[in-house]
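Asks: Can you read through this structure? Questions will come right after.
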Amino acid sequence: MSSSKVNRIPGRRFLHSPGPTPVPDEVLWAMCRQPMDLADPRVDSTIAACEAGLKRLLGTEQGDVFLYASNGHGVWEAVVENLLPLGGAALVPGTGHFSESWAVQTEALGRRVVRTPWIEGLPIDEAAVVQALRADTAREIAAIFVVHTDTSSGVTTDLASLKRAVDATGHPALFVVDVVASLGAAPFSMDALGADVVVGASQKGLMCPPGVGLIAVNPRAMAVSQANPAPRFYWDWVRRQSELSYRKFCGTAPQTLVAGMQVALDLLFAEGLEAVFERHRRLSGAVHAAVQAWSSAGALGFFCQVPQARSVSVTTVTVPPGTDVDALRSVARERFQVAFAGALGPLQGRGFRIGHLGDQNPASILGCLAAIEAAMTVQGIRFGPGGVEAAVQSLKDWPA
Ligand SMILES: *Cc1c(COP(=O)(O)O)cnc(C)c1O
């Protein structure tokens, strides 16, 4: 008889990737349930509660909400398939690896993409967007796909300003916004902004496990989808406009995840959305204070060069050439129980990313920053002193 080795690690492991994010206990408990018969009215009421909660969170009264058993890439695909005919074009303003990934996916689906250049460290280049729209005299661009917070670069674009600039061109393209990384972390209102379509996912600011994608569609975009001859089935919005949950999801709903989402939305509203956003502002301020201190040695730095464009969800920290970021992450994760993310795409190896969105508090942020300092010390990475102290200073006025 061999005795099994117990591998339990005491205490909580901290998750500071910018998605997936930690799932609150209340959400986990809500998912501890048996699946239900498809005709059970509790399935419908759970879905209806999520739809209503998401409309409130997204700030829309006129939009239809569609939920998908998918991740963020799934809802990107839904946008392309519903809004663009085959051969149709979208404008994708460059803001980092995520805007580029959406552009590549759009092209893979047989559509054309007009890009504005991604300027490293900066938000979307408004002037370049305006120029691209003005140059489109044939009005071939049917939609603009805007990533609000690019999770790779840690840059948030001022959507209201961008939308004003777009409107001033008189170009009729639909304004489509990806709030996957900012929903539930930064203020957003679909109707006030005048966005036509908004996409999000469950595993970031919504504090749920991965697996549910969401889309809100206003009547103007719905009409475009209705008129779009491109073949589609699973992703089709018109097909999903139904009272029947089996139709809403084009098949069986991910009941367990939806049950979790209902509770996650309740948690956000119970805290109060303004309080949720303020918490994210303060916690991100603490992370930014630490990174500022780390950068005083000249080796580390902010990827985002515009302080007011630094995301409340995720901070991308640059490292000197030759730094083994994967080894740093392994040390932090395996020795100090804090998981954070590497940099993506063209930034791979040039930095790391600290997620500070979702179910986070001062303890989790201070623990995360201290563990990163510990891991950098182990790895011999040079960083300016006083990062944790700076974070403490920035959090000392935390409301009781
Ligand atoms: C995470 C993310 C996505 C992709 O979501 P997946 O669920 O990984 O497919 C898309 N856009 C943004 C801004 C993201 O942060």
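Asks: Straight-line reach from K396: which lysines have a Cα under 27 Å away, not including same-chain ones fewer than 8 places off?
Replies: Partners found: K204.
Asks: Going by the alpha-carbon gyration tensor, a ≥ b ≥ c the square roots of its eigenvalues, is the range 203-303 rounded (a/c under 1.5) or, if a/c is not under 1.5, prolate (a/b greater than b/c) versus oblate?
Replies: Note, shape of the range 203-303 comes out prolate.
Asks: Kirkwood Rh and Cα-based Rg: tell me the resulting Rg over Rh for the range 149-273, rounded to two decimals.
Replies: Result for the range 149-273 is an Rg/Rh of 0.98.
Asks: Another question about this same structure. Could you please state, rounded to a whole Å, how far the C-alpha centre of the range 107-167 is from the C-alpha centre of the range 321-400?
Replies: 31
Asks: Rounded, prolate or oblate: which one fits the range 1-88, using the alpha carbon gyration tensor with axes a ≥ b ≥ c (rounded when a/c is under 1.5, else prolate when a/b beats b/c, else oblate)?
Replies: Prolate.
Asks: Okay, moving on. Using modelled backbone amide H atoms (1.01 Å from N, in-plane), which distant-in-sequence or interchain residues come within less than 5 Å of L300's amide H?
Replies: G384
Asks: Can you quote the Å³ per residue value for the convex hull of the Cα atoms in the range 26-269, rounded to an integer?
Replies: 110
Asks: For the pair A138/R112, report the inter-label distance in nm, with labels modelled 7 Å from Cα in the Cβ direction.
Replies: Placing both labels 7 Å along Cα→Cβ, they lie 0.5 nm apart.
Asks: How long is the range 313-358 along each principal axis, judged by its Cα atoms, biggest number first, in Å?
Replies: That gives 26, 24, 15 Å along the principal axes, largest extent first.
Asks: Of I365, I9, how do they rank once you tally other Cβ atoms within 10 Å and put the fewest first?
Replies: I9, I365
Asks: Explain nothing, just the number: dipole magnitude of the chain about its Cα centre with +1 on each Lys and Arg Cβ and -1 on each Asp and Glu Cβ, in debye rounded to the nearest 20.
Replies: With only Lys, Arg, Asp and Glu charged at Cβ, the dipole is about 680 debye.
Asks: For every helix of n ≥ 4 consecutive DSSP H residues, a contribution of -39,500 (n - 2.57) applies; sum these over the chain, divide by its total residues, and give [θ] at 222 nm rounded to the nearest 500 deg cm²/dmol.
Replies: My calculation for the chain gives -12500 deg cm²/dmol from helical runs alone.
Asks: Then there is this: Which of L122, M376, Q305 sits closest to the plus end of the dipole of the chain, meaning its Cα is farthest towards the positive end, when Lys and Arg get +1 and Asp and Glu get -1 on the C-beta?
Replies: Result: M376, furthest along the dipole toward the positive end.
Asks: Among T157, A30, G72, which residue has its Cα furthest toward the positive end of the charge dipole of the range 26-269, with +1 on Lys/Arg Cβ and -1 on Asp/Glu Cβ?
Replies: Going by the Cα projections, it comes out as G72.
Asks: Using a/c under 1.5 as the rounded threshold, could you call the range 112-208 rounded, prolate or oblate? The axes a ≥ b ≥ c are square roots of the C-alpha gyration tensor eigenvalues, and prolate needs a/b larger than b/c, oblate otherwise.
Replies: The shape class here is prolate.
Asks: Another question, then. Return the whole-Å distance between the Cα centroid of the range 30-56 and the Cα centroid of the range 183-242.
Replies: That distance is 18 Å.
Asks: Based on the mean of other Cβ atoms within 10 Å per residue, sort peptides 42-50, 145-153 so the most packed one is first.
Replies: My ranking of the peptides, most packed first, is 145-153, 42-50.
Read-outs throughout are calculated quantities, based only on the coordinates presented, and are distinct from any laboratory measurement. Since we're looking at a predicted model, the values are computed, not measured. A quick note on method: Cβ atoms are made from the backbone with ideal geometry, for glycine too, and the neighbour counts reach across all protein chains shown.
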